[in-house]
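Read through the structure below, which is laid out as structure tokens, and then see the notes.
Just so it is clear, none of the values below were taken in a lab; they were calculated from the coordinates. Bear in mind that the values here come from a model prediction, so they are computed numbers and not experimental data. No Cβ is skipped: glycine too gets one built from the backbone with ideal geometry, and neighbour counts run over all protein chains shown.
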Amino acid sequence: MKTYAILLIAIIAVWVKTVAIHLLSFDLGIETFTQQLILWLSPLSFLCIVFGFAFLFRKAKARNWYILTAIFVLDLILYGNVGFYRFYTDFVTIPVLSQTSNFGDLGGSIKEILAWSDVLFFIDFFIVLIAVKMMKEQEDTLTHRKRFMLASMAVAGLVFATNLFFAEQERPDLLTRSFDRLILVKNLGIYNYHLYDAYTQTKASTQRAMADSDELIEIQNYATANKASINEDMFGKYEGRNVIFVSMESLQSFVINEEMNGHVVTPFLNSLTQDQDTYYFSDFYHQTGLGKTSDSEFIVENGFLGSGNGAAFFTNGENTYTSLSQRLGENGYYTSVMHANNKSFWNRDRMYQSLNIDHFYDVDAYTIGEGQSVSWGMKDIPFFEQSAQILGQVEQPFATRLITLTNHHPFELEEQDKLIPEYDSNSGTLNRYFQTVRYMDESLKVFFEQLKANGVYDNSIIVMYGDHYGISELHHKAMAQYLGKEQLTAYDHALLQSVPMFIHIPGSNDGKEIATTSGQMDLRPTILHLLGISTASDVEFGNDLFSEEHPNFVPFRDGRVVTSDYVYTQDVCYDRATGEETTIDVCAPAMERAASVMHYSDQIISMDLLRFFEQNYETSHQKE
Ligand code: GP9
Ligand code: MN
């Protein structure tokens, strides 16, 4: 009986202490009852497994040793994370452990990070130690040891399933979309989070270990063979200008130049579609998958697609990349990203290092005053105002990417920011979407004014694109109502993935609408070429939008394909001229090309093939 008592004391002590640390040492933002419930459930499954193994030990002494060692190791893991969190406001990952140079940053601050009162983190260890000492005479042979062990495993399974059930309600696709580490810890608890991290990292490193430089050669050859020629008139025409990318959260093309119950939704962007200094791309599509915003960043930086089974930012954040930012950096640019959110969201802090981005202006670079925050965080207008202020001061030429936030699901606004009324469909999401889009449009106008005021505008190129869809297929009835259709087909859904894209070049005086069928993958070569930076030997699958040879083709991450003539979706080929089904043969070449792009993108990512880029590049140039 006494052994069970010790086990029970151990589980309860570690459990309560773990929950207390989650609450007191990490800023997880636990607010609702469900979040509390998840917090209490999450460590329990792992603890049942760890302490369930105690039943394997026949002798009381060995059992107690096992229990105490297990507690000590768990304490160390937890305490290690607390120390790391105090400095980095982030959680430990396996790649971070192997990059000990990071800890160099800690230096003299170690003393400030650790305190004597931290002994309390080991309180469970001491409690169990005292219990063991006090209950000296434990029986060596327990009855039903195996059954108890199996029972604790079953309890673990049950608790974990319940945990996942509630976590899914809080954050759909938690495991497949692998979000922010903060969200993973909040929903899985720190122990399960480490298991998850170990799983993703092991998977990635096995694939990586098996690869060699030859694998990249085939892909390099494919990329070179499929590059559209450059446009001589445009190449280098805007050499030396700053580049300001604006990633417009959840913005789809269906609102551009359209009204909602008589209200103009995007007055500022509409004016750009007619502007003499703006190229407006009206048949441009997002190509993102599970990584949403991070995928759009990935594609723009690398010129190939993100991962097919997760967010590459998360699963392959430590890879080598030959990014847009790296090429710009090599050409004298100061590169940055500006986004008023927690830096570890989408693993951005780590990934931006791999992309060779010089600086990340995260939430800490901004002052969020009273009334300047809504839903996901800082409102777009103050975000743009403060960003413009920073841009007025950084060295030129610079290249930066500003990521907006207000037009994000659940599309909430404060009363004073609602510039138009809601829509009147059965979907609150779509109804509010028009209002937040309208607000974002206003914020872009403010941003342009600010750039003009601080003198950055004239010497810059401003590239604006929607990052991914905002209204999912779940809202098809409401969307059909808005579009004035009976119902939406797979064909409509594919075309609804169009997001607006603008290349605004002050003083260019050549603005027009360009209807080339294109996607986010095309941005990398297009912008680098405008600046006179060659991408001839780069491994990328997008094409220059100003090239006469642009293929008018865009592969989606999920296998759908859109060309200027056809749409391939759900095993059906549609003719865009009629919107009707047609023979699959006419879609076949585009489907084949899309399959190569997807396959090669996956290979580059999972095997970290760009680490062979320099080496292959040099060998092929020596041969010439
Ligand atoms: C978070 C923001 C939104 O930082 O980029 O991410 P999303 O959910 O759109 O991928
Ligand atoms: Mn987004």
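At 0.36 nm per residue, and after removing the present C-alpha to C-alpha distance, how many nm does the segment from Thr32 to Tyr222 gain when stretched out fully? Working shown, then result.
Numbers: separation 190, 0.36 × 190 = 68.40 nm, distance 5.16 nm.
Length gained, Thr32 through Tyr222: 63.2 nm.
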>> Whole angstrom only: what separates the Cα centroid of the stretch 257-290 from the Cα centroid of the stretch 65-97?
In response: 49
> Which peptide among 327-335, 340-348 comes first, and what is the full order, when sorted by highest mean count of other Cβ atoms within 10 Å?
Replying inline: 340-348, 327-335
> Which angle between 0 and 90 degrees, to the nearest 10, do you get for helix 428-453 versus the longest principal axis of the chain when only C-alpha atoms count?
Replying inline: 70
>> At 0.36 nm per residue, and after removing the present C-alpha to C-alpha distance, how many nm does the segment from Glu473 to Glu259 gain when stretched out fully?
In response: 74.9 nm
> Looking at the chain, which Cys residues are left with no other cysteine's beta carbon under 4.7 Å from theirs?
Replying inline: Cys48
> Under 27 Å Cα-Cα from Lys133, which lysines qualify once same-chain neighbours fewer than 8 residues away are excluded?
Replying inline: Lys2, Lys17, Lys59, Lys61, Lys146
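I'd like to compare 252-262, 304-314, 231-241: which one has the highest average count of other Cβ atoms within 10 Å, and what's the full order after that?
Highest mean packing first, the order is 304-314, 252-262, 231-241.
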> What's the angle, to the nearest 10 degrees (0 to 90), between helix 145-170's Cα axis and the longest principal axis of the chain?
Replying inline: 30
>> From the convex hull of the Cα coordinates of the stretch 218-617, what is the mean projected area in square nanometres?
In response: 18.4
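Can you show me the helix-derived [θ] at 222 nm for the chain, built from DSSP H runs with n ≥ 4 at -39,500 (n - 2.57) apiece and divided by the number of residues, rounded to the nearest 500.
Details: 22 runs with 293 residues, N = 624.
Taking each H run of at least 4 residues, the total per residue is -15000 deg cm²/dmol.
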> Can you tell me the Rg and Dmax of the stretch 489-591, counting just the alpha carbons, in angstroms?
Replying inline: 15.3, 46
> Measuring from label point to label point, each 7 Å out along Cα→Cβ, what is the Glu449 to Ala62 span in nm?
Replying inline: 7.7
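Sort 430-439, 125-134 by the packing proxy (mean of other Cβ within 10 Å over each peptide's residues), most packed first. Before the final figure, lay out each step's value.
Values: 430-439: 23.4, 125-134: 16.0.
Result, highest mean first: 430-439, 125-134.
For Arg147 and Glu415, calculate 0.36 nm times their separation in residues minus their Cα-Cα distance, and state this gained length in nm to one decimal.
On the way: separation 268, 0.36 × 268 = 96.48 nm, distance 6.01 nm.
Between Arg147 and Glu415, full extension yields 90.5 nm more.
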> Quick one: what does P(r) look like for the stretch 5-207 with 5 Å bins over all Cα pairs, in whole %?
Replying inline: 1, 7, 14, 17, 18, 16, 13, 9, 4, 1, 0
>> Taking the 0 to 90 degree range and rounding to the nearest ten, how far is the long axis of helix 613-623 tilted relative to the main principal axis of the chain, both from C-alpha atoms?
In response: 50
>> I want to check the label-to-label distance for Asp458 and Ala515. Put each point 7 Å from Cα in the C-beta direction and report it in nm to one decimal.
In response: 3.7
